[in-house]
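What follows is calculated from the coordinates using simple rules that are stated; it is not laboratory data. Because the structure is a prediction, the values reported are computed rather than measured. In this analysis, Cβ positions are derived from the backbone assuming ideal geometry, glycine residues included, and neighbour counts consider all displayed protein chains.
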Amino acid sequence: MLRLDGRMEDALRPHEVIPDFVPTAYGSCLIRTGETRVICTASVEEGVPPFLKGKGEGWLTAEYAMLPASTGRRKARDGIKKDGRGVEISRLIGRALRQAVDRRYLGERTVTIDCDVLTADGGTRTAAITGGYIALALAVDRLIREGKLKESPLVHQVSAVSAGIVDGVPCLDLCYTEDSAAQTDMNMIMNEEGNFIEIQGTGEGRAFTPSELSRLLVLGQTGCRALHDLQRAALEGRTLPAENTRTLVIASNNDHKVSEIRTMLGGRFRVLSMREAGLTDDIDENGATFEENALIKARFVARATGYAALGDDSGLAVDLLNGAPGVYSARYAGVHGDDAANNALLIQNLDGLPQPWRAKFVCAIAVALPGGYTKTVRGECPGLIIREARGTGGFGYDPHFLYESGETFAEMAQADKNRISHRARAMAAIMPELETLCRKS
């Protein structure tokens, strides 16, 4: 089928993007789709709506409007009562572009995408989404260049295109004349992986068949792939969804611990110790709980480095001692790391108390992002305290901690201990969160 403008049914209209079209905006572009032209700008403000305050996450919203002369016949400007169509499209653009960012890496700031239609010849909402992504990416690029962000919050490209059935033929990227006469009208929003974010489809003239739907979806994928190429060309040398592994700084200079966590993460992150990240400061662990101490460490490192950070705090909690030594486990006898003195004091304090001496090793792990987002988990390994030390491995209270297997931690093979330890259990609990944080695309 040859269409009104000479295109084949699977062809896009001519597209053009002029980035940085509005120099006063954080990010902007003019996007042309055939005779449709839309100015897209991204504004960045510190702070978030009330429902997000204190959560460490950012927000992205959008507004869409058609300028009075955009259709050739003057359209009244929005007043106190908003144009219902404009409100619906604004919400669509916001929903679509929120899929492009991990808002935890944005920090508590709001990005507003404004899309103003200069001339309308069909496909204004899809052009606004495609151009809105470019404006968003340019705004992120500026935030990074200004040092307000260390890593990009972008995780996907997002583009949108229309398709429809015209005179019984599925066609891509309808102009106004085709759109107004279409038997079926559809808008598709997709990411760079070829996955759909949203589909809007209506049988305006007649119902459409499953085979016609399949053809429209294929046309949408074809169009969005071409639009992703257009976006990449417009953003050449700028910020796109990051391809490099995200950085995670461990709030420790213990080489063994950092190596262990690096192995557990299996290359999902570029893992650095505090020293490798340029931090030599001591962190004052003055929390009353393991969770508080883990958060203190993670927050300090995240703010100091600008990267995601992981902090942990662990120790022994004995039931008959009301949870002692607890957060003071490493310095129970007064000197940090004096294992012999700590163990001696532990047995001394338990002497005379009825057995069994139930206890547990506890590990709290906290993840923090520089923008304020945090997540904390706890892992526990139950056991008993025994009077006589057994085993030569491990450290700390391991010779006196009897696991359900009948071995003390000091008698247990390191590989076996690593599978059931409090730290292993805490890492297993935090891993789903880390899986989402390491996602780059």
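Condition (residue is small (Gly, Ala, Ser) and surrounded by 19 or more Cβ atoms within 10 Å (Cβ to Cβ)) applied to the range 280-287: is it met by at least one residue? No, every residue in the range 280-287 fails to be small (Gly, Ala, Ser) and surrounded by 19 or more Cβ atoms within 10 Å (Cβ to Cβ).
Only residues that are free of Cβ contacts under 8 Å to residues at least 60 places away in the same chain and touching a Phe, Trp or Tyr at 6+ places or on another chain (Cβ under 8 Å): list them for the range 347-369, please. Selection gives LEU350, ALA359. Within the range 183-199, the residues that satisfy the criterion of being touching a Ser or Thr at 6+ places or on another chain (Cβ under 9 Å) and either free of Cβ contacts under 8 Å to residues at least 24 places away in the same chain or of a type outside the set (Asp, Glu) (or both) are THR184, ASP185, MET186, ASN187, MET188, ILE189, MET190, ASN191. Say whether the condition of being within 26 Å of GLY147 (Cβ to Cβ) and not small (Gly, Ala, Ser) is met by at least one residue in the range 255-267. Within the range 255-267 (the criterion being within 26 Å of GLY147 (Cβ to Cβ) and not small (Gly, Ala, Ser)), the answer is no, since none of the residues qualifies. Among the residues making up the range 400-441, those that are within 30 Å of TYR373 (Cα to Cα) and acidic (Asp, Glu) are GLU433, GLU435. So, ILE197, is that one in contact with a strand residue (DSSP E or B) (Cβ under 7 Å, 6 or more places away or on another chain), aliphatic (A, V, I, L, M) and not in a helix (DSSP H, G or I) or not? For ILE197, the condition - in contact with a strand residue (DSSP E or B) (Cβ under 7 Å, 6 or more places away or on another chain), aliphatic (A, V, I, L, M) and not in a helix (DSSP H, G or I) - is met.
If only residues of the range 31-62 that are part of a strand (DSSP E or B) and touching a Cys at 6+ places or on another chain (Cβ under 7 Å) are counted, the one that is nearest to PRO153 (Cα to Cα) is ALA62.
For GLY237, indicate whether it is surrounded by fewer than 19 Cβ atoms within 10 Å (Cβ to Cβ), free of Cβ contacts under 8 Å to residues at least 12 places away in the same chain and within 22 Å of the chain's Cα centre (by Cα). Taking the combined requirement at face value, the residue does not satisfy it.
I'd like to check something: does the range 369-387 contain any residue that is touching an Asp or Glu at 6+ places or on another chain (Cβ under 7 Å), more than 30 Å from TRP59 (Cα to Cα), part of a loop (DSSP other than H, G, I, E, B) and of a type in the set (A, V, I, L, M, F, W, C)? There is no residue in the range 369-387 that is touching an Asp or Glu at 6+ places or on another chain (Cβ under 7 Å), more than 30 Å from TRP59 (Cα to Cα), part of a loop (DSSP other than H, G, I, E, B) and of a type in the set (A, V, I, L, M, F, W, C).
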